[in-house]
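Worksheet: one structure, shown below.
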Amino acid sequence: MDRSARAFWLRSPGRAEIRDIELPEPAEGEVLVRTLFSGVSRGTETLVFRGGVPESQQTAMRAPFQEGDFPGPVKYGYLNVGVVEAGPSELVGRTVFCLYPHQTRYVVPVSAVTPVPENVPASRAVLAGTVETAVNALWDAAPLLGDRIAVVGAGMVGASVAALLARYPAVRVQLVDANPARADIAQALGVGFALPSDAAGDCDLVVHASATEAGLARALELLAPEGTVLELSWYGDRRVSLPLGEAFHSRRLVIRSSQVGTVSPARSARRTYADRLGLSLELLADPAFDALITGECAFEELPEAMADLAAGDTTALCHLVRYDTELSAPLEER
């Protein structure tokens, strides 16, 4: 067995490199996976790249197969799709999703991989971790028939939430973002779009995912009396000010957090992490999710691409990382 592999490491905030590594021999109950694609979760991974993980959250923020510690050196990431090269016969040759960092090949327990449905392209399957966040958020939010809903922030997470809400009957869904170019994404997902100043108010629910102070303040303004803001943004070490005077108390508004690290209490008695991830992969059969993949690079280009993402020079939602294989051709060739 070829035990060589290459991995993306953050040496220190703002400085990344590709390292040559040697893999262990797969033991019983393990699989060897050759990566086809990985995805950059832009909000979280650029925050890690900049060294913005607060010391108090460094344990909570660890990814399942992270190596090293924040702020660096650290190997971080969690959107990986590959082909099983060795392991149980029923998995060999299968395309699988794994919460693994950016690496050409890796060895993990069988329990760590989830087969990708045959009707889901491998490139789209990198979104499973983000769609899983959206599934958990909607379990937390529990939107009702006919609700008026806004999603503030049309990034990976916000767009994934909007894509799922588009399936709900009789709801009004509006994707709100300061970038007018995101209107094309909203159209592809089948939901309305508005700039923050033009967004429709009187909302029963606002899902906030812009990771900005202004976005969260606007989310509160869009609520109907006794409405709820579901907060999905993670601000790292930044402090956020909120207008909790004004009409916050008189209108009995609610701000509720949601985080994918645990299964929503609304479903935790009946659903496991594996159930949630499996559902997310099934939902990715919808080609509308392709609208979320708006940038890509080869694996060897990832250090420079990550720096561009962190600096805002590249504004991709999901940045797709393509590995050196005939099964991961550039988007325009697929």
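Quick notes on this structure:
- Qualifying positions in segment 196-215 - free of Cβ contacts under 8 Å to residues at least 40 places away in the same chain and outside any loop (DSSP other than H, G, I, E, B): SER197, ASP198, GLU213, ALA214
- Of the residues contained in segment 72-79, one or more are found to be assigned to a strand (DSSP E or B) and buried (at least 16 other Cβ atoms within 10 Å of the Cβ).
- Scanning segment 113-168 for residues that are outside the structural domain of LEU230 (by TED's automatic domain parsing) and free of Cβ contacts under 8 Å to residues at least 12 places away in the same chain returns a single hit, GLU118.
- Selection from segment 300-325 of residues that are under 19 Å from the mean Cα position of the chain (by Cα), under 18 Å from TYR78 (Cα atoms) and not small (Gly, Ala, Ser): LEU302, MET306, LEU309, LEU317, CYS318, HIS319, LEU320, VAL321, ARG322
- Boolean, GLY93 is modelled with pLDDT of 95 or more and surrounded by 22 or more Cβ atoms within 10 Å (Cβ to Cβ): no
- Any chance LEU230 is touching a helix residue (DSSP H, G or I) at 6+ places or on another chain (Cβ under 7 Å) and in a strand (DSSP E or B): yes
- Unique residue being in a strand (DSSP E or B), of a type outside the set (D, E, K, R), within 23 Å of LEU277 (Cα to Cα) and in contact with a Phe, Trp or Tyr (Cβ under 6 Å, 6 or more places away or on another chain) when the list is VAL33, VAL84: VAL33
- Within segment 43-68, restricting attention to residues that are closer than 18 Å to TYR100 by Cβ and not hydrophobic (A, V, I, L, M, F, W, C), the residue that is modelled with the lowest pLDDT is THR44.
- Contacts under 6 angstrom Cβ, first residue in segment 38-53 being in the same structural domain as ARG238 (by TED's automatic domain parsing) and of a type in the set (Gly, Ala, Ser), partner crowded, with 23+ Cβ neighbours inside 10 Å and at pLDDT 90 or above, 6 or more apart: none
- Of the residues GLN66, GLN57, GLN103, the single one that is closer than 24 Å to VAL157 by Cα, polar (S, T, N, Q) and surrounded by fewer than 17 Cβ atoms within 10 Å (Cβ to Cβ) is GLN57.
- Test: residue in segment 169-181 that is in a helix (DSSP H, G or I) and either modelled with pLDDT under 95 or not assigned by TED's automatic domain parsing to the domain that holds SER233 (or both): yes
- When residues in segment 254-281 are screened for being under 22 Å from VAL116 (Cα atoms) and surrounded by 14 or more Cβ atoms within 10 Å (Cβ to Cβ), 10 of them pass.
- If the condition is being over 22 Å from the mean Cα position of the chain (by Cα) and surrounded by 14 or more Cβ atoms within 10 Å (Cβ to Cβ), then segment 217-239 contributes ALA217, ARG218, LEU220, GLU221, LEU222, LEU223, ALA224, GLY227, THR228.
- Residue count for segment 218-247 satisfying the condition of being modelled with pLDDT of 90 or more and closer than 23 Å to VAL260 by Cα: 9.
- Segment 289-313, residues that are more than 17 Å from SER38 (Cα to Cα) and crowded, with 19+ Cβ neighbours inside 10 Å: ALA310
- Yes/no for ALA5 being assigned to a strand (DSSP E or B) and either of a type in the set (A, V, I, L, M) or touching a Phe, Trp or Tyr at 6+ places or on another chain (Cβ under 8 Å) (or both): yes
The values are calculated or read from the model by the stated rules, or taken from the named source; none is laboratory data. Keep in mind the model is a prediction, meaning the values are calculated, not measured. Please note: Cβ atoms are built from the backbone with ideal geometry, for glycine as well, and neighbour counts cover all protein chains shown.
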